[in-house]
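One structure below.
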Amino acid sequence: MPYALCFLLFVIGLYCAVVKKNMVKIVIGIMIMEYAVNLFLIMLGYRIGGIAPIIDKGALKPGTEQLTAAFLNTSVDPLPQALVLTAIVISLGSLALMISICIRTYERYGTFDITKIRRLRG
Amino acid sequence: MAVFYILLLFILIAAIIAVETENLLGAVICIGAIGFGASLMFLFLRAPDIAITQIVVEVLGLIILIRACISRELTFISGPREFFGVVVSVVIIFAIFLAGVKVLETLPAFGTPIFAEAPEAASQTYIEEGLEKTGAANLVASVILDFRAYDTLGEVTVLFTSIIGATVILRKKTKKLLEEPDI
Amino acid sequence: MKGMTIIVKTISSWVKVLIFLFGIYIILFGHLTPGGGFAGGVILASSYVLLMLAFGREFAEKNLSLPVASKLDCAGAFAFAVIAILGLVLGGSFFVNFLYQKYLPGQALNLISAGTIPLLNIAIGLKVAASLFLVILTLSIFKPDISANKKEQN
């Protein structure tokens, strides 16, 4: 059920990116899709009653460097978190690129409306 | 579990407002609300690294978006709406949503990660042998910087290229370049 | 871009130092506590953005100008590549954690441990901070030239 709500958020972003005519609204739709994908990946690795995958003094057996069985049985998955960490910073870089294209287009044509930007001269 | 549903409902309402409002500044503020709700959700899903990164990236993203919307004469988008195109798009997107919900039922239920069902998954090795093979206490840092360092190299390259692209697009052409004679 | 009132200027001149220090802490302890190079780099960039928003763009440009920021950006990416190639030279293969496996094991849960992971964190933090400040400074320098386009259309 939470997976379906996350997919609904993705579909709302897809509707905004496809139907709207304002260029900044299209960029907002793409960002909503990126948030939905990151949320879905982290929800895949969750364990009910789990703890964060960070080792501290309480997770080691006293005196040695071995992990207790309690930590091994209740930690959440660290692999989706590693993938999402880079994805969030990449989304900021691509947002900067999209907004710079929008600002340049506004300077050239005077409007944000995509149905009026038709002339393909250089 | 009730916390997840409340936060997801908050995020969905903010997304619907961001899509439908005509005021661009209001839509940008709703994006800020979505990012804040997502960061809280990451905290309850036991991912503290991601929560810190999400909230600071959210703040910088808001500054970049507001720079594009403010102090421009916002021309009102007028003209006849294409009714046929909008109806066809909505029907196709609804069909995609129904098909996706059917696919999502084949995943394991919410709350059991994949490596609890398949004991040979890669995450089991990362958790058990992460400390003795890399020496880092933060398992996520040991995954992105030792076990899977190629992905981090690719990410640094993508960030570098997109920033170079954004800097080149916003360069001002001086008039002298346009008037050079062809030799 | 002009600055803000004197209350904002006074408070932000104290707060930006704390934000900078917090960003350095998150980068350096990235292998022991949550955080790492990416989050710490974005926090460092946001301390300079606070300086730019409160005091105006010219003051921030005197503090950290465009050529210096782009050179720091390249230096961060170059340091990342050098550590990777050193893994090939001194270890067996590309990107191997040569400091942990051969020279300097260190104790777990201390600051000096985990080999090349803190060095890679510092390189990534420097690169991300310089990149994001560069792009926000470029976005605020850009002033659209509406009159030149109207002349072209007529």
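With an 8 Å cut-off on Cα pairs and a minimum separation of 6 or more residues, tell me the relative contact order of chain A in percent.
26 percent
Exposure proxy shown here: for A:47, A:118, the number of other Cβ atoms within 10 Å sets the order, fewest to most, as A:118, A:47.
Considering only A:96, A:44, A:81, and ranking their Cα positions along the charge dipole of chain A that arises from unit charges at the beta-carbon of Lys, Arg, Asp and Glu, the one farthest toward the positive end is A:96. By how many degrees, between 0 and 90 and to the nearest 10, does the Cα long axis of helix C:37-55 differ from the longest principal axis of chain C? It is inclined by approximately 20 degrees.
Annotation: amide H-H contacts under 5 Å for residue A:51 (H modelled 1.01 Å from N, sequence separation of 5 or more, or interchain): A:75, A:76.
Per-residue extension of 0.36 nm, minus the Cα-Cα distance of residue B:82 and residue B:168, leaves a gain of 27.4 nm for this segment.
Relative to the longest principal axis of the Cα atoms of chain A, helix A:79-109 runs at roughly 10 degrees.
For the stretch A:2-116, the normalised intensity computed at q = 0.10, 0.17, 0.19 Å⁻¹ comes to -0.49, -0.90, -1.01 (log10 of I(q)/I(0), Debye sum over alpha carbons, equal scatterers, no solvent). The convex hull drawn around the Cα atoms of the stretch C:1-142, when projected onto a plane and averaged over every direction, covers 9.5 nm².
Between the listed residues C:116, B:152, A:67, the Cα displaced farthest toward the positive end of the dipole of the protein assembly as shown, a dipole computed from Cβ unit charges relative to the Cα centre, is found at B:152.
Sequence-ordered 3J(HN,Hα) estimates for the stretch B:106-121 from the Karplus curve with 6.51, -1.76 and 1.60 and θ = phi - 60° stand at 7, 6, x, 4, 5, x, 10, x, 5, 7, 7, 9, 10, x, 9, 5 Hz, glycine and proline given as x.
Along the axis of the charge dipole computed for chain C (Cβ charges of +1 for Lys and Arg, -1 for Asp and Glu, origin at the Cα centre), the listed residues C:54, C:22, C:75 are led at the positive end by C:54. Counting only other chain Cβ atoms within 10 Å of each residue's Cβ, the peptide C:94-101 averages 4. Using C-alpha pairs under 8 Å with a sequence gap of at least 6, the mean separation divided by the residue count of the stretch C:16-154 gives a relative contact order of 31 percent. When you count the other C-beta atoms within 10 angstrom of each residue and take the mean per peptide, A:81-90, B:160-169 line up highest first as A:81-90, B:160-169.
Rounded to the nearest 10 degrees, the angle from helix B:48-69 to the longest Cα principal axis of chain B is 10 degrees.
No value in this document is a laboratory result; all are computed from the given coordinates. Small disclaimer: the values here were computed from a predicted structure and weren't measured. In this analysis, Cβ positions are derived from the backbone assuming ideal geometry, glycine residues included, and neighbour counts consider all displayed protein chains.
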